[in-house]
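Notes for the one structure printed next.
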C-alpha cells in the first residue's frame, strides 16, 4: 500500500485520475464502498474547483493514523486567485461560476475534518480528512 500519492490537476482528465487514486487508496485502507464513493466525490469537487478557478494545482493524498484509527488526508493546493469571502463560498448554493454551488460545502459534509485557507491573490489550500469507522 502506498503512503502518499500526488496528482497534478490541470484538466478534466486529471480530475478523473485524482478520483481514481483516492478511491484506490480508500479501498486499500478498508473503507466501505459507500465511504470510497464519498471520498472520491470530495476529491472530485475540489479538483473541479482547481480546474475551474485556478487553472492548475496539486492534490496530495496521504494515509494517516491517529492512535490506531486509519484515515486519508487530502491536501489540495493551488496558486490561483484565492477566495475573497470563504464564509460565503462555504454556503450551499453560492457560486461565481453559475454552478449548483455544492463543491466546497459538499466536500466538507462528506469528510470528517475540513479546513480551508485562502485569500485573494494567495491561492487556496484545502485540508480534508476522512477517518475509517
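The values are calculated or read from the model by the stated rules, or taken from the named source; none is laboratory data. Owing to the predicted nature of the structure, the values given are computational and were not obtained by experimental measurement. Cβ: placed from backbone, ideal geometry, glycine included. Neighbour counts: every protein chain shown.
Residues are listed down the side, and each one gets a yes or a no for (1) within 17 Å of residue 129 (Cα to Cα); (2) in contact with a strand residue (DSSP E or B) (Cβ under 6 Å, 6 or more places away or on another chain); (3) surrounded by 15 or more Cβ atoms within 10 Å (Cβ to Cβ):
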| residue | (1), (2), (3) |
| --- | --- |
| 46 | yes, yes, yes |
| 57 | no, yes, yes |
| 83 | no, yes, yes |
| 91 | no, no, no |
- Determine, yes or no, whether residue 73 is free of Cβ contacts under 8 Å to residues at least 60 places away in the same chain, surrounded by 14 or more Cβ atoms within 10 Å (Cβ to Cβ) and touching a strand residue (DSSP E or B) at 6+ places or on another chain (Cβ under 7 Å). yes
- Query: If a residue has to be touching a residue at least 24 places away in the same chain (Cβ under 8 Å), within 25 Å of residue 23 (Cα to Cα) and in a strand (DSSP E or B) to count, how many in segment 109-133 make the cut?
  - Reply: 9
- What about residue 87, is it exposed (fewer than 14 other Cβ atoms within 10 Å of the Cβ) and either at pLDDT 95 or above or more than 18 Å from residue 118 (Cα to Cα) (or both)? no
- Message: For segment 93-119: of the residues being surrounded by fewer than 18 Cβ atoms within 10 Å (Cβ to Cβ) and at pLDDT 95 or above, which is nearest to residue 36 (Cα to Cα)?
- Response: 112
- Query: How about segment 1-44: which of its residues are touching a residue at least 60 places away in the same chain (Cβ under 8 Å), surrounded by fewer than 21 Cβ atoms within 10 Å (Cβ to Cβ) and in a helix (DSSP H, G or I)?
  - Reply: 35, 38, 41
